[in-house]
Amino acid sequence: MTTEDKSLILIVEDNPLTLYVLIEYLERLNLKTVIARSGEEALRQVESLNPDLILLDVMMPGIDGFETCRRLKGNIHTQEIPVMFITALSNTSERVKGFEAGGVDYITKPFDFKEVATRIESRLTIQRLQRKLKMRDSLLSFGEPISITDEKATILIVEDNAMTLHLLLGYLDKFGFNTIGAESGENALELVNQTVPDLVLLDVMLPGIDGFETCRQLKKHFTTRDVPVIFMTALTDTEAKIKGFEAGGADYIIKPHHYAEVLSRIRTHLTIQTLKRLLQQRPKK
């Protein structure tokens with residue numbers, strides 16, 4: 001990747017140590033960075049910079065991250081730039097406010113490199129695929145862009161807690177998803193032989209085979225190896241996260257989770273899958 005090809009990330013953060021860690025992480029991902037130390041400074045810079053992604057701290061001098069995000073989303077020139085909040089892992093209320101303000105996701109302090117890489121790469125992958133699709137359609141002189149929301153996705157939820165499973169099924173049903181519930185890894189592996197889902201929400205601690213082994217089994221099978229798996233877990237240690245990614249997981253959600261977070265992660269990975277599929281299709285005039 002050349003310097004010109006590198007994605008540009010605007011980091012809005014007033015803490016020098018946090019900035020140092022994030023810049024180091026992003027350099028490891030071969031990304032360009034620019035810094036703003038307040039919301040006001042970010043708003044002054046953003047139109048001329050036109051970054052591919054904004055990492056935005058919540059607590060800052062002057063206007064806070066939520067108000068900064070709202071102003072970005074209220075400006076026609078910056079409203080399409082994805083905003084990812086920087087927040088403390090334990091602060092659920094901050095995460096919910098972030099989604100309500102227009103954020104697409106968040107990364108949590110203390111940082112885990114794999115989490116930072118996963119969240120950022122997912123957003124940048126969507127942008128790259130969208131650009132490729134737009135360029136292809138432009139070259140073919142398509143009058144209307146291809147919609148990426150035509151299909152009703154099927155979500156398999158694997159969760160042994162009956163109440164949690166019931167609530168998740170009901171919540172996702174309201175958004176038009178086809179949902180299938182399974183209370184064990186063995187049950188999930190049986191169900192995918194009948195219906196291949198578009199995405200799997202997978203609890204880690206399950207009776208019988210655990211979520212990690214269930215994911216490994218899904219990734220071995222030809223029909224399900226490309227289905228994104230999002231782990232749901234109360235395990236917050238780095239070792240558990242690494243184990244999930246090594247098993248083939250695309251992402252993870254820490255319990256207790258908020259539904260807005262679940263929906264955001266689902267939409268992110270379904271969008272990536274849909275864009276990839278559209279690019280593989282032979283275009284028709």
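Some points to look at:
- Tally of residues being assigned to a loop (DSSP other than H, G, I, E, B) and in contact with a strand residue (DSSP E or B) (Cβ under 8 Å, 6 or more places away or on another chain) across segment 248-263: 5
- Of the residues VAL58, VAL34, the single one that is β-branched (Val, Ile, Thr) and over 16 Å from LYS109 (Cβ atoms) is VAL34.
- Single unsatisfied condition, LEU156 versus (1) closer than 19 Å to THR223 by Cβ; (2) part of a loop (DSSP other than H, G, I, E, B): (2)
- Only one of LEU263, LEU279 that is surrounded by fewer than 19 Cβ atoms within 10 Å (Cβ to Cβ) and either at positive phi or under 12 Å from the mean Cα position of the chain (by Cα) (or both): LEU263
- Condition broken by GLU24, with the remaining ones in (1) touching a Cys at 6+ places or on another chain (Cβ under 6 Å); (2) free of Cβ contacts under 8 Å to residues at least 24 places away in the same chain satisfied: (1)
- Matching residues in segment 1-20 - criterion: being under 23 Å from the mean Cα position of the chain (by Cα) and either free of Cβ contacts under 8 Å to residues at least 24 places away in the same chain or buried (at least 16 other Cβ atoms within 10 Å of the Cβ) (or both): ASP5, SER7, ILE9, LEU10, ILE11, VAL12, GLU13, THR18, LEU19
Throughout, read-outs are computed from the coordinates displayed, never taken from laboratory work. Since this is a predicted model, take the numbers as computed values, not measurements. Note that we place each Cβ from the backbone using ideal geometry, even for glycine, and neighbour counts take in every protein chain shown.
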